[in-house]
Amino acid sequence: MTYLLALDQGTSSSRSIVFDRRGGIVAMAQRELPQIYPQPGWVEHDPMEIWRGQLATAQEALAKAGIAARDVAALGITNQRETAVVWNRKTGQPIHHAIVWQDRRGEPLCAQLREQGHAVLIQSRTGLLIDSYFSGTKIRWLLDNVAGAREQAERGDLAFGTIDSWLLWQLTGGALHATDVSNASRTMLFDVHRNAWDAQLLDLLQVPASMMPSVLPSSAEYGTSVASLLGAPVRIGGVAGDQQSALFGQACFREGMAKNTYGTGCFLLMHTGGRFQQSANGLLTTSAAQTSAQPQYAMEGSVFVGGAVVQWLRDGLHAIESSAQVQALAESVPDAGGVMLVPAFTGLGAPYWKPDARGAITGLTRGSTVAHIARAALESIAYQSAALLQAMSRDATAAGSAPVAEMRVDGGACVNNLLMQFQADLLGIPVVRPAITETTALGAAYLAGLSCGAFTGCQELEALWQAERRFTPTLSRDRAGELMQRWEHAVRQATLA
């Protein structure tokens, strides 16, 4: 039996999963990751805690599977994207906590870059909008604010990496300083056309080129782990940022295929093949996971508050005692009774980009109950995702491509049948839930398996992908259009100054 090990390092936890050759889960281990909030708007992680926790879960997963490291054909890494770590090459020690993707301390520099007129240059080279979400301004902050950091960087003593690079460095005992194209594309410093660091952007953000990792395809030879860590050397063959890894794990390899991950937020990615396209509708262009040096792209849109709205029902309104109860409460009424809930608790992301928007509930009547609000909260996840897919379809049509024909789904909230059916009704296309919903880790395992020859190619992976349930639209397109118009009206009410 061929086994593949996936390290899945996320924002709130580190996990490791052992897969068999058919993508089945053999064993899994997970460990929570403490969050550090030094001041409002700042979010940090301890890089050494990330490494210790990730290594412990890998060891535990192998033990649970009853296999040894020598039984693992290859190891793949997938990770929270954009989170920045800077460490000393000689000592291997971080110079500061990791600055997490959610952190907003880079916003003043972003505002300055926008005011100086650099938005067009940055978007045309990187596919990204100027935002402190991405790694570039986090590196600059560390160089400007950690004592002695810039001097060390100028001497070539410092290394930068996203979390995948940090784990690769640790796994190989400092032998490898590398990343993959999908993670590199989230730094705001990477030319996604040439698959290379951009000297002009590095100069613009005052980041020495010597800090940057080498960039490889997502499926490639990344060396081997130090034997003492897992009991024997393990080949490292795959690396991808979490959302691109999920796209790969969903077998969305061709132009026009799309997946939506329903987690705390929602991340919708549509593969655009070898075609780089800038969005006219507020979306990002990003590098997809690549199995060769040939660039592959995806359009991406993010919903800030997806499943988190259910947590708000539980912890804020105390409408439910556990998240699992939301479907029964929502199904206790035939519909939302005209109630719309816009969960703009931290502003609205794509395609609106309204950071000042705030949550709103509209359409309340004397007959409205907490069940109507619960149903409206659940439906808000589908409305936001539908707005994203409509934006993507407009971009696809403008480029002369066919719109998305079906949407594959994963993430914790995709198990909610009411939500998935409503999503299909709004979109007017099938929503397909796979048999294996751990698609982020699965994508990393598949990338590793391809590099070591466990799989012959993407066609074999396509054949392994199986649907667990297919939700087909039941609403008329006219009715779906009316509902989306009411949603957009509610969004306008939430974004009034």
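Filter segment 473-497 down to residues that are surrounded by 13 or more Cβ atoms within 10 Å (Cβ to Cβ) and among the polar types (S, T, N, Q) and give me whichever is modelled with the lowest pLDDT.
For segment 473-497, the residue satisfying everything is 495.
Can you name the number of the only condition in (1) of a type in the set (A, V, I, L, M, F, W, C); (2) open to solvent by less than 40 Å² (accessible area, probe 1.4 Å); (3) assigned to a helix (DSSP H, G or I) that residue 328 fails?
Against the list (1) of a type in the set (A, V, I, L, M, F, W, C); (2) open to solvent by less than 40 Å² (accessible area, probe 1.4 Å); (3) assigned to a helix (DSSP H, G or I), residue 328 comes up short only on (2).
Taking only segment 170-190 into account, find how many residues are open to solvent by 10 Å² or more (accessible area, probe 1.4 Å) and over 22 Å from residue 54 (Cα atoms).
0
Failed condition for residue 27, given (1) at pLDDT 95 or above; (2) in contact with a Lys or Arg (Cβ under 8 Å, 6 or more places away or on another chain); (3) under 25 Å from residue 265 (Cβ atoms), with all others met?
For residue 27, the failing item is (3).
For residue 282, are the conditions met, namely being within 13 Å of the chain's Cα centre (by Cα), at pLDDT below 85 and open to solvent by less than 50 Å² (accessible area, probe 1.4 Å)?
Considered against the rule, which asks whether it is within 13 Å of the chain's Cα centre (by Cα), at pLDDT below 85 and open to solvent by less than 50 Å² (accessible area, probe 1.4 Å), residue 282 comes out as no.
Among 220, 199, which is the only one that is more than 18 Å from residue 84 (Cα to Cα), touching a residue at least 60 places away in the same chain (Cβ under 8 Å) and aliphatic (A, V, I, L, M)?
220
Any residue at all in segment 238-261 that's buried (at least 20 other Cβ atoms within 10 Å of the Cβ), part of a strand (DSSP E or B) and among the aromatic types (Phe, Trp, Tyr)?
Among the residues of segment 238-261, not one is buried (at least 20 other Cβ atoms within 10 Å of the Cβ), part of a strand (DSSP E or B) and among the aromatic types (Phe, Trp, Tyr), which makes the answer no.
Of all residues in segment 415-466, how many are aliphatic (A, V, I, L, M), open to solvent by less than 20 Å² (accessible area, probe 1.4 Å) and part of a helix (DSSP H, G or I)?
So the answer is 11.
Residue 467 versus (1) more than 15 Å from residue 74 (Cα to Cα); (2) touching a Phe, Trp or Tyr at 6+ places or on another chain (Cβ under 7 Å); (3) among the small types (Gly, Ala, Ser): which is the lone unmet condition?
Against the list (1) more than 15 Å from residue 74 (Cα to Cα); (2) touching a Phe, Trp or Tyr at 6+ places or on another chain (Cβ under 7 Å); (3) among the small types (Gly, Ala, Ser), residue 467 comes up short only on (2).
Right, residue 142: in a helix (DSSP H, G or I), open to solvent by less than 40 Å² (accessible area, probe 1.4 Å) and touching a strand residue (DSSP E or B) at 6+ places or on another chain (Cβ under 6 Å) or not?
When the stated conditions are applied, residue 142 passes them.
Looking at (1) over 19 Å from residue 256 (Cα atoms); (2) in a helix (DSSP H, G or I); (3) among the polar types (S, T, N, Q), find the lone condition where residue 390 falls short.
Here residue 390 meets the rest and fails (1).
For residues that are open to solvent by 70 Å² or more (accessible area, probe 1.4 Å) and part of a helix (DSSP H, G or I), scanning just segment 98-128, find the one that is modelled with the lowest pLDDT.
108
Taking residue 400 as the residue in question, decide whether it is open to solvent by 30 Å² or more (accessible area, probe 1.4 Å), at pLDDT 90 or above, outside any helix (DSSP H, G or I) and out of contact with any strand residue (DSSP E or B) (no Cβ under 7 Å at 6 or more places or on another chain).
Spelling it out, it is not the case that residue 400 is open to solvent by 30 Å² or more (accessible area, probe 1.4 Å), at pLDDT 90 or above, outside any helix (DSSP H, G or I) and out of contact with any strand residue (DSSP E or B) (no Cβ under 7 Å at 6 or more places or on another chain).
Is it true that residue 176 is assigned to a loop (DSSP other than H, G, I, E, B) and among the hydrophobic types (A, V, I, L, M, F, W, C)?
In short, yes.
The values are calculated or read from the model by the stated rules, or taken from the named source; none is laboratory data. None of the values given here were measured: they were computed from a predicted structure. Note that we place each Cβ from the backbone using ideal geometry, even for glycine, and neighbour counts take in every protein chain shown. The protein model used for the area step is the full one, side chains on, heavy atoms only, and it has no ligands, DNA or RNA in it. Shrake-Rupley method; radii C 1.70, N 1.55, O 1.52, S 1.80 Å.
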